[in-house]
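J.: Handing you a structure now.
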Amino acid sequence: MTHGGAYDPRRETWSCPACGREFGKRQSHVCAPALPVEAYFAERPAVEREIFEAVRGHLESLGPLIVEPVGVGILFKRKRTFAELRPRAKWVALSFGLNRRAEDARITRTTKTNTARTYHGVRLTSAASIDDVVRAWLTESYLEFAG
């Protein structure tokens with residue numbers, strides 16, 4: 001559903017007036033308000049929060065960041081979503097987009113788009129899974145999705 005909304009030139013985002021979520025442009029979307037972080041993790045295993053804190057801490061060190069916990073997981077955005085954490089039964093799925101195909105044994109899934117972007121999936125089982133290589137992918141994705 002598309003709503004009037006407000007454009008924030010400092011962040012170059014549009015905020016939906018109905019759900020309060022931020023997007024890189026005015027767009028149609030499933031209007032579902034983001035949850036507060038505390039509410040999202042209230043009934044979840046501690047390891048999911050530890051993974052989230054490790055990812056969020058790294059991404060916040062890079063600059064402005066929008067964090068949106070929604071029903072299916074947590075979205076990390078600049079002008080648009082560039083990374084996601086989605087809980088699974090035995091791991092947390094980290095997805096991120098790059099303007100290239102990364103090669104690594106930990107990448108369990110790749111999806112090529114019509115553009116130069118390829119989305120990658122990695123299974124995280126603990127905060128320690130977020131090593132220098134994963135942080136480098138997240139940094140690259142953050143910088144590529146800046147504009």
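The values are calculated or read from the model by the stated rules, or taken from the named source; none is laboratory data. Note that the coordinates shown come from a computational prediction; the quantities given were computed from them, not determined experimentally. All Cβ positions, glycine included, derive from the backbone under ideal geometry; neighbour counts span all protein chains shown.
J.: If you go through region 40-59, how many residues are among the charged types (D, E, K, R), over 13 Å from residue 128 (Cβ atoms) and part of a helix (DSSP H, G or I)?
T.: Residues that pass the stated criteria total 3.
J.: Restricting to region 132-147, name every residue that is part of a loop (DSSP other than H, G, I, E, B) and either over 20 Å from residue 86 (Cβ atoms) or in contact with a His (Cβ under 6 Å, 6 or more places away or on another chain) (or both).
T.: If the condition is that a residue be part of a loop (DSSP other than H, G, I, E, B) and either over 20 Å from residue 86 (Cβ atoms) or in contact with a His (Cβ under 6 Å, 6 or more places away or on another chain) (or both), then 146, 147 are the ones that fit.
J.: Among the candidates 115, 108, which residue alone is modelled with pLDDT under 95 and either out of contact with any strand residue (DSSP E or B) (no Cβ under 7 Å at 6 or more places or on another chain) or outside any helix (DSSP H, G or I) (or both)?
T.: Among 115, 108, only 115 is modelled with pLDDT under 95 and either out of contact with any strand residue (DSSP E or B) (no Cβ under 7 Å at 6 or more places or on another chain) or outside any helix (DSSP H, G or I) (or both).
J.: Check off (1) farther than 15 Å from residue 66 by Cα; (2) of a type in the set (D, E, K, R); (3) surrounded by 15 or more Cβ atoms within 10 Å (Cβ to Cβ) for residue 112 and give me the number that stays unchecked.
T.: It fails just one condition, (3).
J.: Those residues that are within 16 Å of the chain's Cα centre (by Cα) and at pLDDT below 90, I need them from region 41-67; list them, please.
T.: Listed by number, the list holds a single entry, 66.
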